[in-house]
Amino acid sequence: MSGTFVWCTLFIWNPCAKDYLVLPERPSFKNLYKYKQIYELAFGFGCDSTADDYKVISIRLGVGHSEGSTKEFLIYTTRTKVWRELLKVPDEGVFLQGVGFFANGAVYWLSYRLHELSRWENLVSYFNIESEEWGILAAPTLKSPSGASNNIGMALGRKVGIFYTYPCRKQDSKYKYCTDVFVLRSNFSYHQHTPSEPAEELLHNGPAACRPSAHMGSSLIWL
């Protein structure tokens, strides 16, 4: 077997109990090992309160084969202690990447889809932990997108926030950065919120402010 294989050992860490759980090695239901390259695309972690269960989502991509490429969606539950394949998955053209953010019973990722005009369309994809169903939302529109970077994380308590950070003005020959925050409402609409602190401080306040995180209550998932 030759090629480039990129994957991680996963474990769940509870900092309050000072304990952790190493997850078993992930199987491949789509025979990813026949591909020359395997990449970790996305992870998610959340709690199914109806079943007193914690679930981990893993998305991997295999490329470099005569058949093209394929994505594999796996889920692990702490009750069953096994990995299984998710048969209900997002549309093939939707691209998820990074660590999702858990809130209100679902895991959320920033995602992308190639528009028919050959432009990338920004989306928010989410996975309902209880029903194991996927959904897709249009991402909020930024009026001044030039040079903007975006992240998903916690805003205003336990709500989902989309953070756009971009150079907005010059001061002493240096760019200052502004941050627009869009808070996701329960009806899946967005409310734009203006932070009271500068963007530089938001960016250094850790996962709760502007960086992707996979924490849920007192537990976290680590890669």
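The values are calculated or read from the model by the stated rules, or taken from the named source; none is laboratory data. Bear in mind the structure is a predicted one, so any value in this text is a computation, not a measurement. Note: ideal-geometry Cβ built from the backbone for every residue, glycine included; neighbour counts use all protein chains shown.
If I go through region 8-37 residue by residue, how many of them are β-branched (V, I, T) and at pLDDT below 85? Before you say what the answer is, go through the steps one by one.
Filtering region 8-37 down to residues β-branched (V, I, T) leaves 9, 12, 22.
If we keep only those that are at pLDDT below 85 too, we end up with 9.
The total comes to 1.
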Query - Selection within region 178-207 - at pLDDT 80 or above, farther than 13 Å from Y166 by Cβ and surrounded by 14 or more Cβ atoms within 10 Å (Cβ to Cβ) - result: F182, V183, L184, Y190, H191
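For every residue, the table says whether it meets (1) touching a Phe, Trp or Tyr at 6+ places or on another chain (Cβ under 6 Å); (2) over 23 Å from E132 (Cα atoms); (3) of a type in the set (A, V, I, L, M, F, W, C).
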residue: I12; (1), (2), (3): no, no, yes
residue: C16; (1), (2), (3): no, yes, yes
residue: P24; (1), (2), (3): no, no, no
residue: Q37; (1), (2), (3): no, yes, no
residue: F43; (1), (2), (3): no, no, yes
residue: G46; (1), (2), (3): yes, no, no
residue: T50; (1), (2), (3): no, no, no
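Taking the options D91, D19, name whichever one is farther than 29 Å from I136 by Cα and of a type in the set (D, E).
Details: D91 fails: farther than 29 Å from I136 by Cα.
When all the criteria are applied, what remains is D19.
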Query raised in the report: Across region 101-117, which residue is surrounded by the fewest Cβ atoms within 10 Å (Cβ to Cβ) among those that are in contact (Cβ under 8 Å) with a residue 24 or more places away in the chain and assigned to a loop (DSSP other than H, G, I, E, B)?
Result: N104
Requested in this report: Taking the residues in region 122-152 that are at pLDDT below 90 and of a type in the set (G, A, S) as candidates, determine which candidate is farthest from P167 (Cα to Cα).
Outcome: A138
